[in-house]
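Visitor: Got a structure here, written out as structure tokens. Questions coming.
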Amino acid sequence: MKKKISFGTILILILLALLMRGVKQNETVQEEAKPSAPISESGDLRVHYIDVEQGDSIFIQLPNGETMLIDAGENDMGETVCDYIGAQGDTKIDYLVGTHPHSDHIGGLDTVIEAFDIGTLYLPDVSHDTKTFMDVVETAKVKGVKAEKAKAGVEVLKTENLAVQFLSPVSAEYEEMNDYSAVVSVTYGNNRFLFMGDAEYTVENQLKGSIGVYDVLKVGHHGSNSSSTANFLEQVQPKYAVISCGTDNKYGHPTQQVLSRLERFGCEIFRTDEQGNVVAISDGSEIHFETER
Ligand SMILES: [Zn+2]
């Protein structure tokens, strides 16, 4: 039987075809109008605790595409730090922090300043009469690097998901050079990282009460008895503790006392002297660690 196609059916088919074409065109237009994805808090936060033997150096790749370096180890570790950062594919350090003028923290900074494009250099407001300290200040000056004082309340960066700020130095003057340490707080989504530099119990006592809870603690002063007091750990409740120190160092860092204290508070401990470079990766809700060995 021959099927008759009515005029009405043809009209409906034509209308449908036009309608679908219209939808398709709309889709294309929308796609073209979409702006290219901005660099935002869509990436991971990667915190690299670089093995610089007895000293500190922490390279942070922020989820917004910017970078931060906290310390650069002793003078002879500058190249190691530069090589490490270079291997990550980064050429700029947006925020460079020298926690305090001791050589195991700022020693390699002059090499870093020479090698990379530097955004802002943060140092605490304290001077030190050593060549190491003067080298850093001079190199930054010659290169025209913008310098800011690191102190409690200074906000480096704040967006909805990401906050980087200094919690200390709280006071203008301290008896111990270690206590001038720039203490850095990084919050990404629900994950929080605390970097103590070499701050000791005096600073811990100043901070407790307002500090809040952190997932990862860069243990103060390489795991010395002068830091990581029970009162402080009770407040911070770190799940993970990272200790930056050298194998068989002459100071006996970290001490058994501090290790036991951290264990008592249920911390999983990472050590650069035993595991080499330690990397913490956060997606804003969960953190996992990778170690060199
Ligand atoms: Zn130190």
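Visitor: If the chain between GLN165 and ASP129 were fully stretched, how many nm would it gain, using 0.36 nm times the residue separation less the Cα-Cα distance?
Guide: 10.2 nm
Visitor: Right, another one. With N denoting the number of residues in the chain, provide Rg(C-alpha) divided by 2.2 N^0.38 Å, to two decimal places.
Guide: Compared with the compact-globule rule of thumb, the chain sits at 1.36.
Visitor: Let me ask something additional. Expressed as an acute angle from 0 to 90° and rounded to the nearest 10, what is the orientation of the C-alpha long axis of helix 7-33 relative to the principal long axis of the chain?
Guide: So the helix axis and the longest Cα principal axis differ by about 20 degrees.
Visitor: Still on this structure, please answer the following. Show me the ranking of peptides 151-157, 167-173 by mean Cβ neighbours inside 10 Å, starting with the highest.
Guide: With the highest mean Cβ count within 10 Å placed first, the list reads 167-173, 151-157.
Visitor: Next question, about the same structure. Report ³J(HN,Hα) in whole Hz for each residue of segment 152-161, in order, from the Karplus equation J = 6.51 cos²θ - 1.76 cosθ + 1.60 where θ = phi - 60°; Gly and Pro get x.
Guide: 3, x, 6, 9, 7, 6, 8, 10, 4, 9
Visitor: Determine ³J(HN,Hα), in whole Hz, for all residues of segment 198-214 in sequence, where each value follows from phi through the Karplus function 6.51 cos²θ - 1.76 cosθ + 1.60 and θ = phi - 60°; x replaces Gly and Pro.
Guide: 10, 4, 10, 4, 4, 6, 4, 5, 5, 7, 5, x, 10, 6, x, 9, 10
Visitor: What value in Å³ per residue do you get for the convex hull of the alpha-carbon atoms in segment 195-293?
Guide: Looking at segment 195-293, the number lands at 91 Å³ per residue.
Visitor: Calculate one ³J(HN,Hα) per residue across segment 250-259 by plugging θ = phi - 60° into the Karplus curve 6.51 cos²θ - 1.76 cosθ + 1.60, and present them in order as whole Hz with x for glycine and proline.
Guide: 6, 8, x, 7, x, 7, 4, 4, 5, 4
Visitor: With a Förster radius of 30 Å, plug the Cβ-Cβ distance of THR91 and MET177 into 1/(1 + (r/R0)^6) and report the FRET value to the nearest 0.05.
Guide: Plugging the Cβ-Cβ distance into 1/(1 + (r/R0)^6) gives 0.40.
Visitor: I need the fraction of alpha carbon pairs in segment 76-220 separated by more than 27 Å, rounded to a whole percent.
Guide: Pairs farther apart than 27 Å: 20 percent.
Visitor: Any idea what angle helix 78-87 forms with the longest principal axis of the chain, computed on alpha-carbon atoms, 0 to 90 degrees, nearest 10?
Guide: It is inclined by approximately 10 degrees.
Visitor: Which percentage, to the nearest 5, of the DSSP beta bridges contained in the chain is antiparallel?
Guide: Within the chain, antiparallel bridges account for around 60 percent of the total.
Visitor: Mean residue ellipticity at 222 nm from the helices of the chain, using -39,500 (n - 2.57) per DSSP H segment of n ≥ 4 over the full residue count, to the nearest 500 deg cm²/dmol?
Guide: Calculated at 222 nm, the ellipticity per residue is -8500 deg cm²/dmol.
Visitor: Show the residues, 5+ positions off or on another chain, whose built amide H is closer than 5 Å to the amide H of GLU148.
Guide: LEU121, TYR122, LEU123
Visitor: Then there is this: For segment 102-180, treating each Cα as an identical point scatterer without solvent, what Debye log10 I(q)/I(0) comes out at q = 0.13, 0.16, 0.26 1/Å?
Guide: Values returned for q = 0.13, 0.16, 0.26 Å⁻¹ are -0.46, -0.68, -1.30.
Visitor: Amide H to amide H, which residues 5 or more places from ILE269 or on other chains are under 5 Å from it, using H placed in the peptide plane?
Guide: The list, which skips near neighbours in sequence, is ALA241.
Visitor: Okay, next question. Please report the spacing between the Cα centers of segment 191-241 and segment 97-152 in Å, no decimals.
Guide: 24 Å
All of the numbers you see were taken from the coordinates with simple rules; none came from a lab. Keep in mind the model is a prediction, meaning the values are calculated, not measured. Heads up, the Cβs are rebuilt from the backbone with ideal geometry, glycines too, and the neighbour counts pull from every protein chain shown.
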